[in-house]
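Before any comments, here is the structure.
The values are calculated or read from the model by the stated rules, or taken from the named source; none is laboratory data. All figures in this text were calculated on a predicted structure; none of them were measured in a lab. When we count neighbours, we look across all protein chains shown, and the Cβ atoms used for this are built from the backbone with ideal geometry, even at glycine. With ligands, DNA and RNA removed, areas are computed over all heavy atoms of the protein, side chains included. Shrake-Rupley method; radii C 1.70, N 1.55, O 1.52, S 1.80 Å.
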Amino acid sequence: MRLKVSDLKSQNLKSIMELLNQVNEKLNANFAGQVVSAEMLYDFPVFTIKTEAMHDVLKFLKEDAELNFHFLTDLTGMQTADEKQLGVIYHLHNMPKNLRIRLKTFMDINKPELPTATDLWPAANWMERETYDFFGVRFKGHPNLKRILNVDEMDIFPMRKEYPLEDQERTDKDNSMFGR
Amino acid sequence: MAKSPEGIEGPGFFATKLEDVIGLARKNSLWPLPFATSCCGIEFMATMASHYDLGRFGSERLSFSPRQADMLMVMGTIAKKMGPTLRQVYEQMAEPRWVLSVGACASSGGIFDTYSVLQGIDKIIPVDVYVPGCPPRPEQILEGVMKIQQLAEKESFRRRESPEYKKLLNSYGIE
């Protein structure tokens with residue numbers, strides 16, 4: 001039997017919707033009131049979790065035998081458009097079933113602190129250092145939270161909107177022509 | 001064959017200034033240290049290869065140790081994190097030493113007007129010749145090397161001991 005691309009797509013989407021609901025039900029059963037939202041962004045299930053519960057949720061998703069999100073694909077940071085919050089985003093992967101979800105959590109930009117995930121995944125070590133380096137998110141309990149890509153002397157968090165992208169020591173550019 | 005310096009010539013002898021002889025020797029055996037980090041480095045590879053052949057200028061012997069190198073060729077974007085390494089390489093070179101800054105990135109930061117990139121290597125080490133271009137063609141790199149050759153040929157024997165030179169290095173915080 002030949003499957004049309006559109007069939008395949010809707011079938012996939014259906015199974016992803018099931019995954020979204022399944023994870024959502026489990027999270028709500030175990031962490032009542034901590035799940036801010038559960039939604040499909042394009043074809044990807046995305047959960048927003050309160051910062052206080054983030055570490056427990058990650059531990060649960062990793063260790064739950066049925067869900068089995070045992071692999072941390074990525075961990076990164078973001079800043080919201082109103083510049084008042086910092087976010088940390090986790091991408092989890094269940095390799096045996098090839099299922100993926102994304103988790104987000106948002107913190108006040110003046111106190112960006114949350115527990116480290118290095119106790120669950122050693123791979124989180126460098127990714128958390130990178131997030132600290134560029135956004136200034138402090139991961140409590142991280143064994144070695146210092147800059148990883150930028151020079152140690154840097155005193156800004158360059159991906160935050162409050163800091164300019166351009167190097168302030170540039171001398172050969174006419175500001176009126178380059179919009180600096 | 002290199003042109004001999006001015007001097008007094010006769011049957012079986014040739015007399016000239018020691019400074020000129022040393023200048024001649026230095027000019028025609030500049031050992032480059034290639035510090036190639038990006039596309040300008042690719043142009044340099046073409047410059048070294050048979051078609052353009054930097055060997056014609058006595059520079060076919062690349063020195064990957066700074067201690068034997070005469071000419072530091074910085075080709076490509078230098079990230080701020082690379083800065084201390086470049087400076088250390090420069091400090092390890094023995095006098096006399098020349099620096100050729102190849103391409104827009106090494107000379108001024110180029111298109112990388114951003115927090116992570118050094119806005120020109122002359123922020124951390126003195127530069128003798130700048131080669132413009134993004135990237136410059138091998139002919140341009142050759143011309144840069146020839147400019148360094150002119151500097152090496154005419155350089156005074158005592159320049160590296162002069163207070164002006166010491167002042168220049170001190171302005172970069174070297175020595």
What ³J(HN,Hα) values, in whole Hz, does the Karplus curve 6.51 cos²θ - 1.76 cosθ + 1.60 give for the range A:41-48 when θ = phi - 60°, with x put for Gly and Pro?
-> 9, 6, 10, 10, x, 10, 10, 10
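Arrange the residues A:LEU99, A:LEU13, A:LEU67 by how much accessible surface each exposes, largest first, with a 1.4 angstrom probe.
Working: A:LEU99 50, A:LEU13 75, A:LEU67 5 Å².
Per-residue accessible area, sorted high to low, gives A:LEU13, A:LEU99, A:LEU67.
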Nearest-0.05 FRET efficiency for A:ASN144 and A:GLU113 at R0 = 22 Å, using Cβ-Cβ distance, is 0.85
Of the GluC sites (Glu not before Pro) in the range A:4-108, which ones lie in a loop per DSSP and count no more than 11 other C-beta atoms within 10 Å?
-> A:GLU66, A:GLU83
Spatial separation of Cα centroids for the range A:111-157 and the range B:64-91, in angstrom | 30 Å
Would you work out the relative contact order for the range A:13-167, in percent, from Cα pairs under 8 angstrom that are 6 or more residues apart?
-> 16 percent
Of B:GLN68, B:GLN119, B:GLN88, which has the largest mean-square fluctuation in a 10 Å C-alpha GNM of chain B?
-> B:GLN88
Residue of A:ILE49, A:ILE89, A:ILE156 that the Gaussian network model of chain A assigns the largest fluctuation, springs spanning Cα pairs under 10 Å | A:ILE156
Translational D in µm²/s for the range A:13-167 (Stokes-Einstein at 37 °C, 0.692 mPa s, Kirkwood Rh from C-alpha pairs) = 202 µm²/s
Normalized C-alpha radius of gyration of the range B:94-175, against 2.2 N^0.38 Å?
-> 1.21
Send over a whole-number figure in Å² for the accessible area per residue of the protein assembly as shown, probe 1.4 Å.
-> 56 Å²
Loop-located trypsin sites (Lys or Arg not before Pro) in the range B:1-37, at most 15 other Cβ atoms within 10 Å (DSSP) = B:LYS3, B:LYS17
Percent relative contact order of chain B, based on C-alpha pairs within less than 8 angstrom and at least six residues apart?
-> 22 percent
The ratio Rg/Rh over the Cα atoms of the protein assembly as shown, Rh being the Kirkwood inverse mean 1/r radius, stands at 1.18
Average beta carbon contacts from partner chains per residue of A:159-165, 10 Å cutoff = 1
To the nearest 10 degrees, how steep is helix B:83-92 against the longest Cα principal axis of chain B, on a 0 to 90 scale?
-> 20 degrees
Apply the Debye scattering formula to the range B:13-103, with a single equal point scatterer on each alpha-carbon and no solvent, then give log10 I(q)/I(0) at q = 0.11, 0.23 Å⁻¹.
-> -0.36, -1.18
Range of Cα positions in the range B:30-155 per principal axis (Å), largest first | 40, 29, 24
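Please average, across the residues of A:167-176, the number of beta carbons from any other chain that are within 10 Å of each residue's own beta carbon, and give a whole number.
Details: counts 10, 2, 6, 8, 5, 8, 4, 0, 0, 0.
Mean inter-chain Cβ contacts per residue within 10 Å come to 4.
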So what does the Cα-only Debye profile of the range A:128-173 read at q = 0.34 Å⁻¹, as log10 I(q)/I(0), no solvent term?
-> -1.29
For a quick protection proxy, order the peptides B:54-65, B:95-106, B:143-154 by their average other-Cβ count within 10 Å, most packed first.
-> B:95-106, B:143-154, B:54-65
B:ALA36's amide H: which non-local residues (gap 5+, or another chain) put their own amide H closer than 5 Å, with H modeled 1.01 Å from N in plane and none for Pro or chain starts?
-> B:MET75
HN-Hα J in Hz across the range B:98-110 - Karplus 6.51, -1.76, 1.60, θ = phi - 60°, x for Gly and Pro = 10, 10, 10, 9, 9, x, 5, 5, 5, 7, 9, x, x
Could you list the GluC sites (Glu not before Pro) in the range A:127-180 that lie in coil according to DSSP, counting only those with at most 13 other Cβ atoms within 10 Å of their Cβ?
-> A:GLU153, A:GLU162, A:GLU169
By how many degrees, 0 to 90 and rounded to 10, does the Cα axis of helix B:39-48 deviate from the longest principal axis of chain B?
-> 20 degrees
Hey, in the GNM for chain A with a 10 angstrom Cα cutoff, which one of A:MET40, A:MET107, A:MET127 fluctuates hardest?
-> A:MET40
Using Cα atoms only, what is the angle between the long axis of helix B:18-27 and the major principal axis of chain B, expressed in degrees (0 to 90) to the nearest 10?
-> 40 degrees
Mean per-residue count of partner chain Cβ within 10 Å for B:107-115 equals 5
